[in-house]
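Engineer: So that we are looking at the same thing, I have put the structure below in C-alpha cells.
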Amino acid sequence: GHETPRSKPFPDVYLAAAAALDVDPARCAIIEDTVTGATAGVAAGATVFGYCPGEPGHSSAEALHAAGVVQVFRDMEALPHLLAAWRRAA
C-alpha cells in the first residue's frame, strides 16, 4: 500500500494487486476487518468479506455491513467454506 499514490479507503492498493495478478478486480475476494479497508475493497469493485472476531481493533459487524461487505464472519476457520461458496456462485 505504501507504493500506491493513495492509501485506504481509496481502492489503489487493491487495484494495483489485481493488475499485478492480471485479474479483473471483480473476480477478487478481499478479507477486511475495518471499515476503511472494506470501503477500499468495495470501491475497487471486488467482493469483500468482513472479519469481525469481536475483539478491539476490528470494526463491528454492523459497520462492516454498512461499508458494503457481502458477509461477515467471526472465525477464520469459516473462511475456506465462504470462499468455496463464493467461487461456486461466481
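Engineer: Can you pull out the residues in the range 43-65 that are of a type outside the set (Ser, Thr, Tyr), surrounded by 13 or more Cβ atoms within 10 Å (Cβ to Cβ) and outside any loop (DSSP other than H, G, I, E, B)? Let's see the steps before the verdict.
Structural biologist: Our first condition is that a residue be of a type outside the set (Ser, Thr, Tyr); within the range 43-65, this holds for 43-46, 48-50, 52-58, 61-65.
Retained after the next criterion (residues that are surrounded by 13 or more Cβ atoms within 10 Å (Cβ to Cβ)): 43-46, 48-50, 52, 58, 61, 63-65.
Listed by number, the residues that qualify are 43, 44, 48, 49, 50, 61, 63, 64, 65.
Engineer: Could you run through the range 1-25 and say how many residues are of a type in the set (Val, Ile, Thr) and farther than 13 Å from residue 45 by Cα? Give the derivation first.
Structural biologist: To start, the set of residues in the range 1-25 that are of a type in the set (Val, Ile, Thr) comprises 4, 13, 23.
Checking the rest, the ones that are also farther than 13 Å from residue 45 by Cα come to 4.
Within the range 1-25, residues that are of a type in the set (Val, Ile, Thr) and farther than 13 Å from residue 45 by Cα number 1.
Engineer: Find the residue count for the range 67-90, including only residues that are surrounded by 13 or more Cβ atoms within 10 Å (Cβ to Cβ), free of Cβ contacts under 8 Å to residues at least 40 places away in the same chain and not β-branched (Val, Ile, Thr).
Structural biologist: To start, the set of residues in the range 67-90 that are surrounded by 13 or more Cβ atoms within 10 Å (Cβ to Cβ) comprises 67-74, 78-79, 82-83, 86.
Imposing the further condition that a residue be free of Cβ contacts under 8 Å to residues at least 40 places away in the same chain reduces the set to 67-74, 78, 82.
Remaining after also requiring not β-branched (Val, Ile, Thr): 67-68, 71, 73-74, 78, 82.
Residues that pass the stated criteria total 7.
Engineer: Only one of these is in a helix (DSSP H, G or I), without any contact (Cβ under 8 Å) to a residue 24 or more places away in the chain, out of contact with any strand residue (DSSP E or B) (no Cβ under 9 Å at 6 or more places or on another chain) and of a type outside the set (Ser, Thr, Tyr): 26, 16. Name it. So that I can check it myself, show each step before the final result.
Structural biologist: Values: 26 fails: out of contact with any strand residue (DSSP E or B) (no Cβ under 9 Å at 6 or more places or on another chain).
Just a single option satisfies the conditions, and that option is 16.
Each value in this text was obtained by applying a stated rule to the coordinates, not by laboratory testing. This structure is a prediction, so every number in the text was calculated from the model and none was measured. Every residue, glycine among them, receives a Cβ derived from its backbone with ideal geometry; neighbour counts consider all protein chains shown.
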